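The values are calculated or read from the model by the stated rules, or taken from the named source; none is laboratory data. For clarity, every value in this text was computed on a predicted model and none was experimentally measured. Cβ sites come from the backbone with ideal geometry, for glycine too, and all protein chains shown count toward neighbours. Ligands, DNA and RNA are stripped out before the accessible areas are found, and what is left, the full protein with its side chains, is counted by its heavy atoms. Shrake-Rupley method; radii C 1.70, N 1.55, O 1.52, S 1.80 Å.
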Amino acid sequence: IDCQLLFCLFSKMGKILTAVVIGLCAFAWRVYESMDMGRSIYNHRPGVCRQVHGPVKGSEDIELIRSEGIAFVTSGILYLQPRRAHIEGKMFLYDFNQKIGSDKLVAQELPIKGASFDQNNFHPHGLSHWVVNGVIRLYVVNHDDEFKHSIEIFDYDPTGPALIHKKTLTHPSFIRPNNLVAVGPDQFILTNDGVGQTEITNFLEILTGYKGGSVFFWDGKESHEILSGMGAPNGITYDIKTNKLFISEVNYRRMHVYDLAKDRKSVDLVSTVNLYSACDNLFLDMDGSVYSGCHPLLHEAAKSIGDCDGDATSASQVLRIKFDTDYKTAAVSEPYANDGKEVSGSTLGVLYNNQMLIGTVCKGLLHCEIADPSVL
């Protein structure tokens, strides 16, 4: 037996084994970090908070109509879970002008009219609006029972109140749409938060760090890719006054700020803000601040969102991002946080007249009074 050969063989095997162990440890640490293990959440509120009656199956996105003091709410999302196809998707209207006090707060379900509209295949996700010829027009991301994707367009009829279905848009670029922001009549910018169409493939995207997310501009007739290779782009909002486009990137716990080209077919990166939380949808306040509902403990969120009809809950958080004038730096504060007992799986915080609505993926809608603006 050649001892020198054996020594070399064992030495190489030792190196390979060491590399494998290091690789496994690195992977385990990635999982630990990506799922927010070992992190604590401390409860605090901006004022008195109470549940809103109506959208018991969640309030994934909220669109404020500031001039009217109302907000549209999506409920009954079906996301990578065909087994939840029995959940009825609905649209709700919340009136910020309703009396706050001992009376219960209510979001009103909106009937949807239109012969071509398939209510049984409606599971709304993100939404946005534009005023077209004096009429509030809604653009709503929809996933049908088989997790096929479309953008549903509705006009709001305040006399009902009701929504009038106008059109269904489908396109190959609507890969896995999450949210959108209207930038003109029948024009919007849309986020695809990945490419996988099942829970397993989505989980693999997260664990491997695969950047399958993309952002497209729909010009009314065609789609144009403006960003690609992103780690789950999710919430999106646009400040028409400053021409700034804001996009949250969930897998990397950050938000990007872009300048939007005049033809809206390209963007230039201005800055990136690390949020250290998996932030969902975005809301632009009057002062230019951006609010987001976040999932600070992703391992809880994964369990809770995967069990929308069960008792599992996940921590909730609302962050406020206040930018400097050049949008290069920002101050981040936390107006609300909860361990999941009061509100589970937060997606958005929307402010109006010292009130805040906090949306959730699939478990209710919370209203909070803002006792003093300094808490923001």
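Out of Lys104, Lys90, report the one residue that is at pLDDT below 95, under 15 Å from Val52 (Cβ atoms) and of a type outside the set (Phe, Trp, Tyr).
Working: Lys90 fails: at pLDDT below 95.
One residue alone meets the criteria, Lys104.
Taking segment 285-326, which residues are among the hydrophobic types (A, V, I, L, M, F, W, C) and more than 23 Å from Ile247 (Cα to Cα)?
So in segment 285-326, the residues among the hydrophobic types (A, V, I, L, M, F, W, C) come out as 286, 290, 294, 297-298, 301-302, 305, 308, 312, 315, 318-319, 321, 323.
Selection gives Cys308, Ala312.
Just a yes or no: is a residue in segment 112-128 out of contact with any Phe, Trp or Tyr (no Cβ under 8 Å at 6 or more places or on another chain) and under 25 Å from Val290 (Cα atoms)?
Checked against the condition, which is being out of contact with any Phe, Trp or Tyr (no Cβ under 8 Å at 6 or more places or on another chain) and under 25 Å from Val290 (Cα atoms), segment 112-128 yields at least one hit.
Hey, among the residues in segment 292-314 that are without any contact (Cβ under 8 Å) to a residue 12 or more places away in the chain and open to solvent by 30 Å² or more (accessible area, probe 1.4 Å), which one's farthest from the chain's Cα centre (by Cα)?
Result: Asp311.
In this structure, does Ser271 turn out to be small (Gly, Ala, Ser) and within 22 Å of Ser150 (Cβ to Cβ)?
For Ser271, the condition - small (Gly, Ala, Ser) and within 22 Å of Ser150 (Cβ to Cβ) - is not met.
Conditions first: (1) buried (at least 21 other Cβ atoms within 10 Å of the Cβ); (2) out of contact with any Ser or Thr (no Cβ under 9 Å at 6 or more places or on another chain); (3) aliphatic (A, V, I, L, M). Leu351 passes all but one, so which condition is the exception?
(2)
Regarding Gly184, is this residue among the small types (Gly, Ala, Ser) and closer than 25 Å to Ile112 by Cβ?
Numbers: among the small types (Gly, Ala, Ser): yes; closer than 25 Å to Ile112 by Cβ: yes.
Answer is yes for this residue.
Filter segment 96-147 down to the residues that are touching a residue at least 40 places away in the same chain (Cβ under 8 Å), open to solvent by 50 Å² or more (accessible area, probe 1.4 Å) and assigned to a loop (DSSP other than H, G, I, E, B) and list them by number.
Listed by number, the residues that qualify are Ile100, Lys104, Pro111, Ser116, Glu146.
Name the residue that is most open to solvent (accessible area, probe 1.4 Å), counting only residues in segment 360-376 that are under 14 Å from Gly101 (Cα atoms) and not in a loop (DSSP other than H, G, I, E, B).
Glu369
Please find, within segment 226-270, the residue that is most open to solvent (accessible area, probe 1.4 Å) out of those that are farther than 24 Å from Thr201 by Cβ and small (Gly, Ala, Ser).
Applying the first criterion (farther than 24 Å from Thr201 by Cβ) to segment 226-270 yields 226, 237-246, 255-270.
From the residues that got through so far, the ones that are small (Gly, Ala, Ser) too are 261, 266.
Details: Ala261: 31, Ser266: 56 Å².
The extreme case among them is Ser266.
Restricting to segment 56-87, name every residue that is among the hydroxyl-bearing types (Ser, Thr, Tyr), assigned to a loop (DSSP other than H, G, I, E, B) and at pLDDT 95 or above. Full working, then the answer.
Keep residues of segment 56-87 that are among the hydroxyl-bearing types (Ser, Thr, Tyr), which gives 59, 67, 74-75, 79.
With the extra rule that they be assigned to a loop (DSSP other than H, G, I, E, B), the set shrinks to 59, 67, 79.
Matches in segment 56-87: Ser59, Ser67.
Which of the residues that make up segment 166-210 are modelled with pLDDT of 95 or more, at negative phi, touching a Gly at 6+ places or on another chain (Cβ under 7 Å) and open to solvent by 20 Å² or more (accessible area, probe 1.4 Å)?
Gln187, Val195
Would segment 315-335 turn up any residue that is within 17 Å of Ile77 (Cβ to Cβ), open to solvent by 50 Å² or more (accessible area, probe 1.4 Å), in contact (Cβ under 8 Å) with a residue 12 or more places away in the chain and not in a loop (DSSP other than H, G, I, E, B)?
Kept after step one, since they are within 17 Å of Ile77 (Cβ to Cβ), are these residues of segment 315-335: 316.
From what is left, the residues that are open to solvent by 50 Å² or more (accessible area, probe 1.4 Å) are none.
No.
Return yes or no: is Val106 in contact with a Pro (Cβ under 8 Å, 6 or more places away or on another chain) and not small (Gly, Ala, Ser)? Reasoning before the result, please.
Working: in contact with a Pro (Cβ under 8 Å, 6 or more places away or on another chain): no; not small (Gly, Ala, Ser): yes.
When the stated conditions are applied, Val106 does not pass them.
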